[in-house]
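Colleague: Mind having a look at this structure? Questions to follow.
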């Protein structure tokens with residue numbers, strides 16, 4: 001599988017497991033554990049959309065694209081700059 005296919009697998013599997021909507025793929029890398037895919041997921045839709053709650057998740061996949069684990073790393077409002085969200 002290539003990186004694009006692995007990212008799509010991660011989005012699909014995490015959405016199916018959590019019921020959340022994928023927003024974007026924020027990163028992908030491979031190490032001895034497997035493929036790490038960082039995803040932003042829509043946790044709560046609000047009006048205006050700048051106040052939507054986004055969750056940052058890390059998904060670990062094997063080389064075949066099977067999910068081994070996932071972890072929610074943080075959450076933030078869509079309109080919050082990343083520098084402020086990390087503090």
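Colleague: Within the bounds of the range 11-22, is there any residue that is assigned to a strand (DSSP E or B) and in contact with a strand residue (DSSP E or B) (Cβ under 7 Å, 6 or more places away or on another chain)?
Modeller: Of all residues in the range 11-22, those assigned to a strand (DSSP E or B) come to 21-22.
Still in the list and also in contact with a strand residue (DSSP E or B) (Cβ under 7 Å, 6 or more places away or on another chain): 21-22.
Yes, the range 11-22 has at least one match.
Colleague: Looking at residue 59, is it touching a residue at least 12 places away in the same chain (Cβ under 8 Å), under 9 Å from the mean Cα position of the chain (by Cα) and within 17 Å of residue 6 (Cα to Cα)? Steps first, please.
Modeller: Values: touching a residue at least 12 places away in the same chain (Cβ under 8 Å): yes; under 9 Å from the mean Cα position of the chain (by Cα): yes; within 17 Å of residue 6 (Cα to Cα): yes.
Considered against the rule, which asks whether it is touching a residue at least 12 places away in the same chain (Cβ under 8 Å), under 9 Å from the mean Cα position of the chain (by Cα) and within 17 Å of residue 6 (Cα to Cα), residue 59 comes out as yes.
Colleague: With out of contact with any helix residue (DSSP H, G or I) (no Cβ under 7 Å at 6 or more places or on another chain) and part of a helix (DSSP H, G or I) as the only criterion, which of 5, 43 stands out? Don't jump to the end; show me each part of the working.
Modeller: Numbers: 43 fails: part of a helix (DSSP H, G or I).
After applying the criteria, what remains is 5.
Colleague: Can you run down the residue pairs with Cβ atoms below 6 Å, 6 or more apart or on separate chains, where the first is in the range 1-29 and on the phi > 0 side of the Ramachandran plot and crowded, with 17+ Cβ neighbours inside 10 Å and the partner is assigned to a helix (DSSP H, G or I) and modelled with pLDDT under 95?
Modeller: Qualifying pairs under 6 Å: none.
The values are calculated or read from the model by the stated rules, or taken from the named source; none is laboratory data. This is a predicted model, so every value here is computed, not measured. Every residue, glycine as well, gets a Cβ built from its backbone with ideal geometry; the counts of neighbours run over all protein chains shown.
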